[in-house]
1. In contact with a helix residue (DSSP H, G or I) (Cβ under 9 Å, 6 or more places away or on another chain) and at positive phi: which single residue out of S27, S45 fits that description?
2. Looking at the structure I just gave you, is H51 surrounded by fewer than 21 Cβ atoms within 10 Å (Cβ to Cβ), under 19 Å from the mean Cα position of the chain (by Cα) and of a type outside the set (F, W, Y)?
3. Kindly indicate which of G230, G223, G187, G246 is on the phi > 0 side of the Ramachandran plot and surrounded by 21 or more Cβ atoms within 10 Å (Cβ to Cβ).
4. Could you pull out the residue among S90, S45, S68, S77 that is touching a residue at least 12 places away in the same chain (Cβ under 8 Å), over 19 Å from C347 (Cβ atoms) and polar (S, T, N, Q)?
5. Criterion first (on the phi > 0 side of the Ramachandran plot and in contact (Cβ under 8 Å) with a residue 24 or more places away in the chain) does S34 satisfy it?
6. Which of the following residues is touching a strand residue (DSSP E or B) at 6+ places or on another chain (Cβ under 6 Å) and open to solvent by 70 Å² or more (accessible area, probe 1.4 Å): V82, V25?
7. Run E110 past the list (1) open to solvent by 30 Å² or more (accessible area, probe 1.4 Å); (2) closer than 25 Å to D235 by Cβ and report the number of the one that doesn't hold.
8. Report every pair of residues separated by at least 6 positions or lying on different chains whose Cβ atoms are under 9 Å apart, first residue within segment 166-178 and farther than 14 Å from N196 by Cα, second modelled with pLDDT under 95 and surrounded by 12 or more Cβ atoms within 10 Å (Cβ to Cβ).
Amino acid sequence: MNTDFLKYQAQTSPYPLGMEVSHAVGSYIYDTGSKKYLDFVAGVSACALGHQHPRVNQAIKDQLDKYSHVMVYGEYSQSPAVEYCKLLASLLPAPLDKTYLVNSGTEAIEGALKLARRTTGRSQLISCHNAYHGNTMGAMSVMGFEERKQIFRPLIPDVDFITFNNEDDLQKITNKTAGIILETIQGGAGFIQPHNDFLKKVRQRCTEVGAMMILDEIQPGFGRTGKLFGFQNYDVVPDILVMGKGMGGGMPVGAFTASSAMMELLSHDPKLGHITTFGGHPVIASACLATLQEITETNLMAEAMEKEKLFRSLLVHPLIEEIRGKGLMLAVMTKSADITNEVILKCQDKGLILFWLLFETCAIRITPPLTISEEEIREGCSIILQVMDEMMIKE
């Protein structure tokens, strides 16, 4: 299979991991040789309830028996999408009460940027250095990592950058700013949390000058930080909330949420201000609804915080400098990129899936399913420590 994988399927890096996947259940992925791998990555935070979750699977099957795609987004009333948006509104603070469903996180970012410009009538967008919001042209324009986007320029104009957690930079948000987009916790940069009420100060500045505060919750969202959304840990409410990844229980989806008054602006002057064919797809919306119900009707969010404590208590080693992040969004920091690479690759050999972050080369990603058990956490951490011990002996 790998030969055909490399020959016929476009790649994103010169050296893909190339595991030949047979099936996946719970916290484990199995290859075609029947070897099982404990999954500490969850599809890069996407499989919030693990693999083949019964409630999500059943919702998908039930909807398939009724109907799949029937009409372009926004024209027909379809129960799965309506129920989902209604439930989400009941769980979010005012004025976040209307949701636009799309196909991925990066498409949701595109919609959010357009909505900020449409709402304010301004053009300037502000993002953060080392930010990552997706890879389409608009989302890439607010990516704060020049090496990854230089070859694709020119991108959209009038985008400026500040440094995350740098309060002095907030004066760059002015009455010319349409919106500032921030990851609630910076992902690709190394799972960096806001400190010293940084997000509250951004909120205050946006309110002062009439700019939109856009929070990208594509990674922290849906219970990973102990709250449904990461921003709920920091006592702020954005104007526009962007989500994806864990939202769909492993299905491809994204969304952005704002007030009804703001969202209605996309329907006129011009009409069809943002459109998508497959957004709100009934099968995927059914998976989203089941995922949201499971996360909010169980103790998974509270358990995420206890599981974080367990990870931190177990992962103590001379090769570990620190552990960043919150809940089940953790980055184990080593002393060098070489150490990180070796740990990730050797752990996969021993049946544990870890992964990298986009920009911080010393970080080991740990973002397991919220459903991971304490026993599985201990099993995986034991493999990490074993690999690190072997590396120490070798040195």
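1. Going through S27, S45 in turn, just one is in contact with a helix residue (DSSP H, G or I) (Cβ under 9 Å, 6 or more places away or on another chain) and at positive phi: S45.
2. So H51 does not fit the description; no.
3. Working: G230 fails: on the phi > 0 side of the Ramachandran plot; G187 fails: on the phi > 0 side of the Ramachandran plot; G246 fails: on the phi > 0 side of the Ramachandran plot.
From the options G230, G223, G187, G246, the qualifying one is G223.
4. S68
5. When the stated conditions are applied, S34 does not pass them.
6. Being touching a strand residue (DSSP E or B) at 6+ places or on another chain (Cβ under 6 Å) and open to solvent by 70 Å² or more (accessible area, probe 1.4 Å) holds for just one of V82, V25, which is V25.
7. (2)
8. Matching pairs, first to second residue: none at all.
The values are calculated or read from the model by the stated rules, or taken from the named source; none is laboratory data. Bear in mind that the values here come from a model prediction, so they are computed numbers and not experimental data. In this analysis, Cβ positions are derived from the backbone assuming ideal geometry, glycine residues included, and neighbour counts consider all displayed protein chains. Just the protein is used for accessible areas: all its heavy atoms, side chains included, with ligands, DNA and RNA removed. Shrake-Rupley method; radii C 1.70, N 1.55, O 1.52, S 1.80 Å.
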